[in-house]
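Notes to accompany the following structure.
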Amino acid sequence: MPGRRIATGERFGKFMLLRLSAVDGEFCNGTNGDVAPASLLVHLGMTGQIAPSPAGQPLEKHTHVCLLLDDGRELRYTDARRFGRIAYLTKTSLAEELTGFGADPLEVSKEEFANRICVRRARIKALLLDQGVLRGVGNIYADESLWRARIHPARLGAKLSRKETETLRRALQDILRKAIVMRGSSISDFLDAAGEPGEYQRHHRAYGREGKKCYRCKTAIRRAIVAGRSSYFCPKCQPTPRGFVMMPLPRKPVKQSEN
């Protein structure tokens, strides 16, 4: 690490990819003695954050990595729940690490998207979350895209028409682009690299809205477990496939008598 520069910062699915190069081709002072291109592959997990801080600033709780930069700041990685990871990888090991990931949802073509969905008899929610099918889609944006496309999360990929998959692809891309502009969704403690919370949670139409009225038809949003994850949908706009059992709506709290 010592002596290298961060050449570029990229995204690969849910990973941040910091590509590293040596300074003026000189040997690094690290233990590996390697001047070939390398990368840091960063996954934030559920609670991780990586951001620059003044080197003299006290470390926050759950700070696991500090990288001293040439301007005197430190690039610090914090993660309360420790589900994230940072890996130092050479060119060859990086290529091996990224093998098996699916298409980028923002770049996938109409034909490739349909081919990846329509040949599988898994539920569409599971397919959207499968990083081997599409890399980078998470639970929130899967639910939001399915609501926009009027597709129930429990429907099978093989049962979707080509028209439905194209509607879903367009919805997914539109929602992801808007969420990126608005710095993502801060449900609990997510902050961006500038320490600011996201704002897209204000535009959620399905996720986390169980019992609240659908923005389209006013039917109560329901929740079900699909692919092991809570999935939010409108039972009227997104018709439930035959045989799938919905969870009952939560009971409203009973008001206590003043007497």
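The values are calculated or read from the model by the stated rules, or taken from the named source; none is laboratory data. Owing to the predicted nature of the structure, the values given are computational and were not obtained by experimental measurement. Positions of Cβ are generated from backbone atoms using ideal geometry, with glycine treated the same way; all protein chains shown enter the neighbour counts.
A few comments on the model shown:
- Every condition in (1) outside any loop (DSSP other than H, G, I, E, B); (2) surrounded by fewer than 21 Cβ atoms within 10 Å (Cβ to Cβ); (3) among the basic types (K, R) is met by R81 except one, and the failing one is (1).
- Residue that is at pLDDT 85 or above and under 23 Å from G48 (Cβ atoms), where the choices are A179, A193: A179
- When region 166-183 is filtered for residues that are assigned to a loop (DSSP other than H, G, I, E, B) and polar (S, T, N, Q), nothing remains.
- Selected residue (criterion: modelled with the lowest pLDDT) from residues of region 134-165 that are in contact with a strand residue (DSSP E or B) (Cβ under 8 Å, 6 or more places away or on another chain) and not in a helix (DSSP H, G or I): G136
- Filter pass, L67 being assigned to a loop (DSSP other than H, G, I, E, B) and at pLDDT 90 or above: no
- Listed conditions (1) surrounded by 15 or more Cβ atoms within 10 Å (Cβ to Cβ); (2) among the aliphatic types (A, V, I, L, M); (3) free of Cβ contacts under 8 Å to residues at least 12 places away in the same chain are all met by L89, apart from (3).
- Condition check for T31: out of contact with any His (no Cβ under 7 Å at 6 or more places or on another chain), modelled with pLDDT under 95, β-branched (V, I, T) and part of a loop (DSSP other than H, G, I, E, B): yes
- Within region 86-133, the only residue that satisfies the criterion of being in a helix (DSSP H, G or I) and aromatic (F, W, Y) is F113.
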